[in-house]
1. Tell me the residue from A192, A201, A240 that is outside any helix (DSSP H, G or I) and surrounded by fewer than 21 Cβ atoms within 10 Å (Cβ to Cβ), please.
2. Out of D295, D288, D231, which single residue is among the acidic types (D, E), part of a helix (DSSP H, G or I) and touching a residue at least 12 places away in the same chain (Cβ under 8 Å)?
3. Can you give me the ranges of the helices (runs of 4 or more DSSP H) entirely in region 61-174 with at least 2 residues that are among the small types (G, A, S) and under 19 Å from the mean Cα position of the chain (by Cα)?
4. Do we have A315 as of a type in the set (G, A, S), in a helix (DSSP H, G or I) and either under 28 Å from V168 (Cα atoms) or at pLDDT below 95 (or both) here?
5. Residue by residue through region 148-190, note down the ones that are of a type in the set (S, T, N, Q) and out of contact with any Asp or Glu (no Cβ under 9 Å at 6 or more places or on another chain).
6. Would you pick out the residues in region 82-106 that are more than 21 Å from L36 (Cβ to Cβ) and out of contact with any strand residue (DSSP E or B) (no Cβ under 7 Å at 6 or more places or on another chain)?
7. Of all the residues that make up region 332-358, how many are touching a helix residue (DSSP H, G or I) at 6+ places or on another chain (Cβ under 9 Å) and surrounded by 14 or more Cβ atoms within 10 Å (Cβ to Cβ)?
8. Which condition number in (1) of a type outside the set (A, V, I, L, M, F, W, C); (2) in contact with a His (Cβ under 8 Å, 6 or more places away or on another chain); (3) more than 30 Å from P276 (Cβ to Cβ) is the one that E211 fails?
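The values are calculated or read from the model by the stated rules, or taken from the named source; none is laboratory data. Remember, it's a predicted structure, so these values are computed and weren't measured experimentally. Neighbour counts are summed over all protein chains in view; Cβ atoms, including those assigned to glycine, are modelled from backbone coordinates with ideal geometry.
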Amino acid sequence: MAEQHDPAPRDPAPYDALLLLSFGGPEGPDDVVPFLENVTRGRGIPKERLKEVGRHYFLFGGVSPINDQNRALLDALRKDFAGAGLELPVYWGNRNWAPYLTDTLREMVLDGRRRVAVLATSAYASYSGCRQYRENLADALAALEAEGLPLPRVDKLRHYFNHPGFIVPMVEGVLSSLADLPEDVRAGAHLAFTTHSIPEAAADSSGPVAEHGDGGAYVKQHLDVARLIVDAVREETGIAHPWRLVYQSRSGAPHIPWLEPDICDHLEELHGDGAPAAVMVPIGFVSDHMEVLYDLDTEATAKAAELGLPVRRSATVGADPRFAAAVRDLLLERAATERGKVVERCALGSLGPSHDLCPIGCCPARSERPAAAGADSPYA
């Protein structure tokens, strides 16, 4: 499997900056409830309930690992760009915690940046993983407009779930986790590919309208990634491990159908069926943030121990240099396209490269809100 595609030419024009756009997370106990208030704004959730929800964070000193992981990714991107001779500044802004997106965009404008490529730390199509970030961009641009500042054009880079720079590090993580299992259970280990559960209705309407239906683009993309990893592991080991796509981190009302099965329920099922071991593979997450740290490393691992089921959790991509190189690839690919060039787009699997511009009806909003960086953007 080729590890990455080296694009040519190496010209970032028309872009004069890259923005790393992420979710954000608390960095101390006093941040937890204000952070959760940001995440749940408009839903009328009482503060006492937020304290209960925040117990996962308090178990880890009130600190989410996501901000440090984004700092590591920023450093990896800057080193990769410099090593490739790409003189392009990289900024970082969050949806729900400092550095806030609006503050970062303001800084970029004051630095003279006018054409910005945006990398969201979500690899797949969904409302929360794509359109909501585009809504956040529109909100930030509206705030700058109200301040009388010139507005940069922002272009969100395409989904990268099937880029080799995202896939290959995860394959190596699975191989390492399998090797770490006791030898007598290794060959029969099941692979549990995990991602964030979302409401079934949101999944069914994810991606362009043509892809709406049972699970939508969200499920299709995850299944394609899982198959790529399974095939690569089989090529390396000669073993076709049984596998399934499962879900974690459900947070919605119990009467609303969400994607299932949950990882803990799946581990119980595997144990009941006599599976000798399992590797949890968090393909839905770019880095080891709270959903991975608590839902897999804490809760699911405890469930496996209770069952007596040997289990390992494979690594996310994080700040792997190959992922940083993939981001450079995506940036230069989009830049060349914006200059009117026809470029080869690197993608593995059966789905091909994703679209550059989210079409109308793609991952529709829960309510009418403007979204930037799409065909329906009010900011051309």
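1. It is A240.
2. Exactly one residue qualifies, and that residue is D295.
3. Qualifying helices (runs of 4 or more DSSP H): 66-83.
4. no
5. Those that are of a type in the set (S, T, N, Q) and out of contact with any Asp or Glu (no Cβ under 9 Å at 6 or more places or on another chain): S176, S177.
6. A82, G83, A84, G85, L86, E87, R106 - these are the residues of region 82-106 that are more than 21 Å from L36 (Cβ to Cβ) and out of contact with any strand residue (DSSP E or B) (no Cβ under 7 Å at 6 or more places or on another chain).
7. 11
8. (2)
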